[in-house]
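As structure tokens, the structure follows; a few thoughts come after it.
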Amino acid sequence: MGSDNIWLEVIDIPLGGRSKKPRDHGLTMIIDKGLGLHETKDLFDVAGEYIDFLKLGFGTSALYKQDLLEEKIKLAKQFGIEAYPGGTFLEIAIMQNKLKEFLKVAGKIGYSTIEVSDGTINFSQEVRERAISMALDAGFKVLTEVGKKNMQDKEKIGHYLKQIKRDLDCGAYRVIIEGRESGKGAGFYDDRGQFIEDESDQILAAAGDPRLLIWEAPLKQQQQDLISRFGPNVNLGNISVNEALALEALRVGLRGDTLRPVYLKDCIYK
């Protein structure tokens with residue numbers, strides 16, 4: 001919470017215990033599909049305290065003017081936010097056998113985090129682990145992602161459980177659970193945007209610690225369900241740029257959806 005806000009001298013935050021930056025749990029990853037520099041600065045001025053990662057979605061990194069891209073990455077660092085290119089962009093580099101060159105350019109322009117995924121392109125576990133290792137050796141913080149963007153490509157759940165364990169063993173900082181920007185009919189969500197029965201429990205068991213996972217949850221109901229289950233410091237990703245502050249309000253009980261359980265609990269004990 002912003003300590004310079006006079007309301008905090010009057011109102012107690014309903015859901016306490018929210019972690020503060022720099023933090024390693026309660027992470028929020030925002031998906032940026034093409035903000036300009038001024039828009040990015042406005043976003044950080046308003047909600048930078050609540051944002052930990054800024055993902056430049058898909059392969060959009062290749063479409064910016066380079067000086068603008070570098071300035072955007074630099075701006076994120078000034079606010080304590082790690083910008084990184086979307087995993088699809090790295091998949092293209094692997095497909096074209098240019099991972100080494102990709103990592104070199106990523107470091108040169110200022111990225112310090114890389115996402116390793118196979119959401120669209122299939123490659124072997126050996127290739128995946130080599131990508132993680134190369135990124136770590138190059139000095140990057142590594143996020144990995146499990147799950148497919150197209151449900152027709154989805155493997156059995158056991159495949160992803162092994163993948164989560166291997167990624168963490170290989171040194172991944174966090175494993176992202178696929179949900180796309182839609183939150184429906186992708187990864188581990190059904191066409192209604194609800195987790196496929198039992199899969200979330202198995203995913204959690206594979207990680208061993210919920211703090212090691214970042215759940216892509218672009219829809220409010222998904223965010224609410226995860227906060228209700230894991231508390232305000234659950235790691236959430238693929239949050240729309242215009243929902244950063246709204247999500248933080250949800251995390252700390254400043255929205256009716258997460259305030260109501262606090263109110264009902266208080267009523268029980270009065």
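Give the percent of DSSP beta bridges with both residues in segment 18-269 that are antiparallel, rounded to the nearest 5.
Around 5 percent of the beta bridges assigned by DSSP in segment 18-269 are antiparallel ones.
The mean sequence distance of close C-alpha pairs (under 8 Å, at least 6 residues apart), as a share of the length of the chain, puts its relative contact order at 20 percent.
Based on DSSP H segments of at least four residues, each scored -39500 (n - 2.57), the chain has a per-residue ellipticity at 222 nm of -12500 deg cm²/dmol.
Paramagnetic label reach from His159 (point 7 Å along Cα→Cβ; backbone nitrogen cut-off under 11 Å): within segment 174-191, no residues.
Applying both filters, DSSP loop and at most 12 other Cβ atoms within 10 Å, to the trypsin sites (Lys or Arg not before Pro) of segment 145-233 gives Lys156, Arg192.
The loop-placed trypsin sites (Lys or Arg not before Pro) in segment 87-119, going by DSSP, that have at most 16 neighbouring Cβ atoms within 10 Å of their Cβ come out as Lys98. Length available on full extension from Val46 to Ile11: 0.36 nm per residue minus the Cα-Cα distance, which gives 10.6 nm. Taking Rg and Dmax of the Cα atoms in Å as the quantity of interest, determine which of [x] 17.7, 59; [y] 18.6, 65; [z] 17.6, 52 was computed from the displayed structure. Among [x] 17.7, 59; [y] 18.6, 65; [z] 17.6, 52, the one derived from this structure is [y]. Here segment 23-94 and segment 192-206 have alpha carbon centers that stand 28 Å from each other. Model label points for Glu129 and His25, set 7 angstrom from Cα along the Cα-to-Cβ axis, are 2.9 nm apart. Cross-link pairs exceeding 26 Å in C-alpha to C-alpha distance, out of Lys65/Lys100; Lys162/Lys220; Lys77/Lys148, comprise Lys162/Lys220; Lys77/Lys148. The charge dipole of the chain, taken about its Cα centre with unit charges on the Cβ of Lys, Arg, Asp and Glu (plus for the first two, minus for the last two), comes to roughly 220 debye. Each residue of segment 239-244 was assigned a 3J(HN,Hα) from its phi angle through the Karplus curve 6.51 cos²θ - 1.76 cosθ + 1.60 (θ = phi - 60°); the sequence is 7, 4, 4, 8, 10, 4 Hz, with glycine and proline shown as x. With neighbours defined as other Cβ atoms within 10 Å of a residue's Cβ, the residues Trp215, Trp7 order from fewest to most as Trp7, Trp215. Candidates Leu103, Gly231, His38 compared by Cα position along the dipole of the chain: farthest toward the positive end lies Leu103, with charges placed on Cβ.
Given a Förster distance of 22 Å, report the FRET efficiency between Gln66 and His38 from their Cβ-Cβ distance, rounded to the nearest 0.05.
Between Gln66 and His38 the formula returns 0.75.
Coordinate-derived values only; no laboratory data. Just so you know, these numbers come straight off a predicted model, no measurement behind them. Glycine also receives a Cβ, built like all others from the backbone with ideal geometry; neighbour counts cover every protein chain displayed.
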